[in-house]
Amino acid sequence: MKAVVHSASTSRKNREMKKYLLTPLKTLSAVAVLCFAIAAWAATPEIELIIKDHLFFPAILEIPAGQKVRVRIINQDPTPEEFESFELNREKLVIGNGQTVIFIGPLEPGEYPFFGEFYPKTAQGVVIVK
Amino acid sequence: MIESNYCSCRWLSGLVFKAFMSVFVGLSLLSQALADGSAVDKVYHPYVDALESEIEFRSLFQESSSGGKDFKQLHQVSFGRSFGQALFGEVYLVGERSRSGQFELEAFEFEVKWQLTEQGEYSADWGLLFEYEQEFNDDVQEFTTGILVEKEFGRFSGTANLLLIQEWGSAIKDEFETAVAMQARYRYSRAFEPGVELYAGQDSAGIGPVMMGSVSLGVRKTLRWEAGVIFGLGSDSPDNSFRFLLEYEF
């Protein structure tokens with residue numbers, strides 16, 4: 001009987017030990033996942049695309065093939081504009097004097113035109129993937 | 001080192017996507033025994049365009065050989081608009097006409113779509129769909145929760161909707177159902193994108209070719225269209241379902 005009590009007590013202690021060991025492990029895992037997410041966010045190169053006077057600056061964006069890129073679109077006009085490209089499969093509105101972010105790629109080498117839907121005659125550009 | 005972490009995260013994201021799709025396929029097979037009525041509807045994409053409104057009209061025509069379900073027409077008209085960058089709300093009126101009956105308004109619906117991730121940020125793009133439906137003539141209510149996922153493969157896009165439907169009311173058996181809708185499409189041009197769609201619900205499943213596209217009618221004015229023929233799978237499914245959608249975005 002004693003042996004049984006001793007065994008039960010040991011088992012409980014083992015469980016508690018495991019619990020204490022698991023808690024930091026879970027915390028570490030969560031931190032690791034968070035770090036990976038932050039690293040992934042930070043590792044994606046960012047380029048800026050300015051909208052001013054209903055034109056894109058620069059009008060030509062060069063990015064490497066096979067690389068995902070974060071494009072920060074900054075609208076310096078007081079009116080909204082929409083970045084649109086069927087070739088890039090992207091459509092994103094930017095409010096007047098506001099900014100937004102889109103992700104493009106990884107892409108094959110080639111040219112991918114884009115335009116502003118509100119001012120399509122002037123707001124034009126192209127992504128060149130090399 | 002950063003690149004290594006980046007790869008790990010992409011690997012994790014890819015793993016989540018693959019696990020989700022495995023469950024998805026399993027549930028799509030299971031759902032044939034669970035969900036009510038026709039499963040053919042439309043495939044939702046997990047994206048919201050800010051400052052956009054739309055008027056949509058969609059129709060479904062079903063035909064069956066003897067022993068199958070009745071010939072049926074389902075028509076829906078809706079108005080929707082976006083709220084901020086990530087939410088899109090839509091109100092529907094649903095009408096139905098069977099072979100033996102007159103056309104009549106059946107139900108109204110409220111629907112909210114929530115874009116969860118930025119397009120292209122992760123290995124797949126995610127969104128949620130919530131839909132409440134109330135019939136006019138019977139005490140039948142329905143609440144749908146859906147997971148929307150889309151992934152790009154170059155010019156190909158694959159989209160999946162996994163729907164959990166709760167039905168209740170005095171005129172219907174209280175129950176949970178599931179339904180699945182999947183689409184693979186090739187972005188050939190803005191005006192023409194061919195694809196294939198698969199639907200599965202209770203007593204009905206189907207697969208068939210679809211075509212879709214959009215035409216610009218001016219600044220922030222677009223006419224979007226979809227059409228498809230879904231061939232029934234199994235003896236309980238309608239032989240053919242023809243679906244059409246016309247959407248004016250502004």
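Of the numbered criteria (1) more than 21 Å from B:Glu90 (Cβ to Cβ); (2) modelled with pLDDT of 95 or more; (3) not basic (Lys, Arg), the one B:Asp236 fails is (2). Taking the stretch A:92-110 as the range and being free of Cβ contacts under 8 Å to residues at least 24 places away in the same chain and part of a strand (DSSP E or B) as the test, the residues that pass are A:Lys92, A:Leu93, A:Gly110. When you scan the stretch A:108-124, do you find a residue that is within 11 Å of another protein chain (Cβ to nearest Cβ) and within 21 Å of the chain's Cα centre (by Cα), even just one? There is at least one residue in the stretch A:108-124 that is within 11 Å of another protein chain (Cβ to nearest Cβ) and within 21 Å of the chain's Cα centre (by Cα).
Of the strands (runs of 3 or more DSSP E) lying entirely inside the stretch B:85-182, those containing at least 3 residues that are surrounded by fewer than 20 Cβ atoms within 10 Å (Cβ to Cβ) and among the acidic types (Asp, Glu) span B:104-115, B:125-135. Only one of the numbered conditions (1) assigned to a strand (DSSP E or B); (2) touching an Asp or Glu at 6+ places or on another chain (Cβ under 8 Å) is violated by B:Pro238, and that is (1). Tell me, please, whether a residue that is in contact with an Asp or Glu (Cβ under 9 Å, 6 or more places away or on another chain), assigned to a strand (DSSP E or B) and modelled with pLDDT under 95 can be found in the stretch B:44-51. No, the stretch B:44-51 contains no residue that is in contact with an Asp or Glu (Cβ under 9 Å, 6 or more places away or on another chain), assigned to a strand (DSSP E or B) and modelled with pLDDT under 95. Considering (1) away from chain A (no Cβ under 14 Å); (2) in contact with a strand residue (DSSP E or B) (Cβ under 8 Å, 6 or more places away or on another chain); (3) not aliphatic (A, V, I, L, M), the lone condition that B:Ser170 does not fulfil carries the number (2). I'd like to check something: does the stretch B:210-227 contain any residue that is farther than 30 Å from B:Ala50 by Cα and in contact (Cβ under 8 Å) with a residue 24 or more places away in the chain? Within the stretch B:210-227 (the criterion being farther than 30 Å from B:Ala50 by Cα and in contact (Cβ under 8 Å) with a residue 24 or more places away in the chain), the answer is no, since none of the residues qualifies.
Filtering the stretch A:64-80 down to residues that are within 13 Å of chain B (Cβ to nearest Cβ), outside any loop (DSSP other than H, G, I, E, B) and of a type outside the set (D, E, K, R), which residue is farthest from A:Gln99 (Cα to Cα)? Please lay out each step first, then the result.
To start, the set of residues in the stretch A:64-80 that are within 13 Å of chain B (Cβ to nearest Cβ) comprises A:65-73, A:75, A:79-80.
If we keep only those that are outside any loop (DSSP other than H, G, I, E, B) too, we end up with A:69-73, A:75.
Checking which are of a type outside the set (D, E, K, R) leaves us with A:69, A:71, A:73, A:75.
On the way: A:Val69: 16, A:Val71: 10, A:Ile73: 5, A:Asn75: 6 Å.
Only one residue fits best here, namely A:Val69.
Within 14 Å of chain A (Cβ to nearest Cβ), buried (at least 16 other Cβ atoms within 10 Å of the Cβ) and within 16 Å of the chain's Cα centre (by Cα) - does that describe any residue in the stretch B:47-65? Yes, because at least one residue in the stretch B:47-65 is within 14 Å of chain A (Cβ to nearest Cβ), buried (at least 16 other Cβ atoms within 10 Å of the Cβ) and within 16 Å of the chain's Cα centre (by Cα).
The values are calculated or read from the model by the stated rules, or taken from the named source; none is laboratory data. Quick caveat: nothing in here was measured; it's all calculated off a predicted structure. A quick note on method: Cβ atoms are made from the backbone with ideal geometry, for glycine too, and the neighbour counts reach across all protein chains shown.
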